[in-house]
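Input: a single structure, listed below in structure tokens.
Please treat every number below as a calculation from the coordinates, not as lab data. Computed from a prediction, not measured in an experiment: that's the story for all the values here. Because the Cβ atoms are built from the backbone with ideal geometry, glycine has one as well, and the counts that use them run over all protein chains shown.
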Amino acid sequence: MATVLAAQVRLRLKRYGHRRLATGTAPAPTEPHAPVEPAPGRVPRVARLMALAIKFDGLVRGGVVPDYAALACLGHVSRARMTQIMNLLLLAPDIQEELLFLPLLVRGRDPVHLKQLQSIALLPDWKEQRRQWQRLSAQAPSRNPSGKPAPKPQIPWRSPRARR
């Protein structure tokens with residue numbers, strides 16, 4: 001006859017995936033919640049970087065982190081990369097808002113990339129930034145509800161026959 005033993009164990013994850021057995025009682029189980037279905041699609045990378053820039057700026061202004069160099073060290077990125085991310089804060093506020101609320105992507109590549117925004121962010125005039133943003137957002141491939149990109153027009157000098 002087999003004896004069944006039951007034990008409650010708490011595992012605590014530490015940095016870099018190390019597991020450690022914690023002593024004490026396990027936390028009380030919470031009431032089951034209704035399952036939350038994730039939204040279809042993913043947040044564009046530029047929107048996540050914009051949110052990071054706002055968060056990082058708050059950390060520096062609040063004195064939690066002394067400067068952007070320390071943030072770069074903590075985030076394991078170069079100071080140049082941190083500057084690229086923080087330069088998004090130089091964009092006009094309405095452009096920042098549009099970036100934060102870009103639609104979710106079901107599939108395919110992001111329509112706007114950080115590299116495209118760098119030249120716009122360095123313009124000192126917000127009106128000119130808005131003009132450049134309008135041009136960039138008009139050029140971005142529009143997506144139909146199925147998630148497939150709209151067909152691109154054939155460029156005559158890049159047609160398949162020209163490669164032969």
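List of remarks:
- Sub-8 Å Cβ pairs linking a first residue in segment 103-132 that is of a type in the set (Asp, Glu) to a second residue that is buried (at least 16 other Cβ atoms within 10 Å of the Cβ) and not in a loop (DSSP other than H, G, I, E, B), at least 6 apart or interchain, are ASP110/VAL46, ordered by first then second residue.
- For LEU90, the stated conditions do not hold, so it cannot be described as under 30 Å from ALA69 (Cα atoms), in contact (Cβ under 8 Å) with a residue 24 or more places away in the chain, surrounded by fewer than 17 Cβ atoms within 10 Å (Cβ to Cβ) and more than 17 Å from the chain's Cα centre (by Cα).
- Test for ARG48: is it out of contact with any Phe, Trp or Tyr (no Cβ under 6 Å at 6 or more places or on another chain) and either under 24 Å from ARG131 (Cα atoms) or surrounded by 14 or more Cβ atoms within 10 Å (Cβ to Cβ) (or both): yes
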